[in-house]
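Input: a single structure, listed below in structure tokens.
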Amino acid sequence: MGMTGRIYRAALCAAAIFTLSIISAGPLRAEAPGLPAPTDAAARGLAIAQESDKRDRGWGDAKADMKMVLTNASGETSERALRFMMLENTDGDGNWSLMTFDKPADIEGTALLTYPHVKEADEQWLYLPTVKRVKRISSANKSGPFVGSEFAFEDFSAQQVGKFTYKWLRDEPCGDRTCHVVERAPQYEDSGYTRQIVWIDTTDYLFRKTDFYDRKDSLIKTLTYQDYKLYDNKFWRPGELAMANHETKKSTRLIWQSYAFHTGLTKDDFSTASLERAR
């Protein structure tokens, strides 16, 4: 894969990371009333996913910085630095995002604009500072890893409720809390997973852990959500996402910094023309 291809894959995945942190959090409330009975596992699982999604609305727009730490099987590490902007989308599709790489030097200034959809392919545009050109891109292949990370693009891009079917499995302790344990299966094409098992807090409906099963239905990776913090007295965000690969023994940590909400961003900040200004 050439340099442009590596930059493109890294940009796609990194842009989606911020989406994952946004949809994996919600404001603190009591347990949702009126969930379907455990005897209707499909309806109960869907209702839990919808409740988690519903609790994180109203943030409007956001900015954040992120450090990505990659650790190989020998314990050696490398880092990347990125900046994100997001705009909440209220029309049923995913939230718009614009991300920019700051480090390492070979991808500095690369910027990606994403308009995600539930039932259609995402719209994406990539700016490559080396050629000073905006390129419209397609993200048909979501299952592959990128630039040595233990994350795949679909780990972050396909989180909308409508992209999965659901089945409630049980409730059980998770740390010092209790979690709903829900199985979700991708409905979209080209997924690298047969299913995912998610642990969702029964009190505030935050994601706590996700197990990923590959196309052979073997457990391949586990994602844990750590160090949640409350912003603006309303919006919960994980301070760190940690993905462990059970096959390669490698891991990737995403450390979030400098969240800011309601910063005044508008749709004009998420146009193809804005890509060249992102640097």
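No lab work stands behind these numbers, since they all come straight from the coordinates. Keep in mind that what you see is a predicted model, and the values were worked out from it rather than measured. Using ideal geometry, Cβ is built from the backbone for each residue, glycine included, and neighbour counts are taken over all protein chains shown.
Hey, got a sec? Which GluC sites (Glu not before Pro) in the stretch 227-279 land in a DSSP loop and have at most 11 other Cβ atoms within 10 Å?
Taking the stretch 227-279 and a limit of 11 other Cβ atoms within 10 Å, the loop GluC sites (Glu not before Pro) found are GLU247.
Quick one: length gained pulling ALA43 to GLU247 fully straight, 0.36 nm per residue minus the C-alpha distance?
Once the chain is fully extended between ALA43 and GLU247, it gains 70.1 nm.
Obtain the nm distance between the two label points defined at ASP102 and ALA260 by a simple spin-label model: each point lies 7 Å from its Cα along the Cα-to-C-beta direction.
1.2 nm
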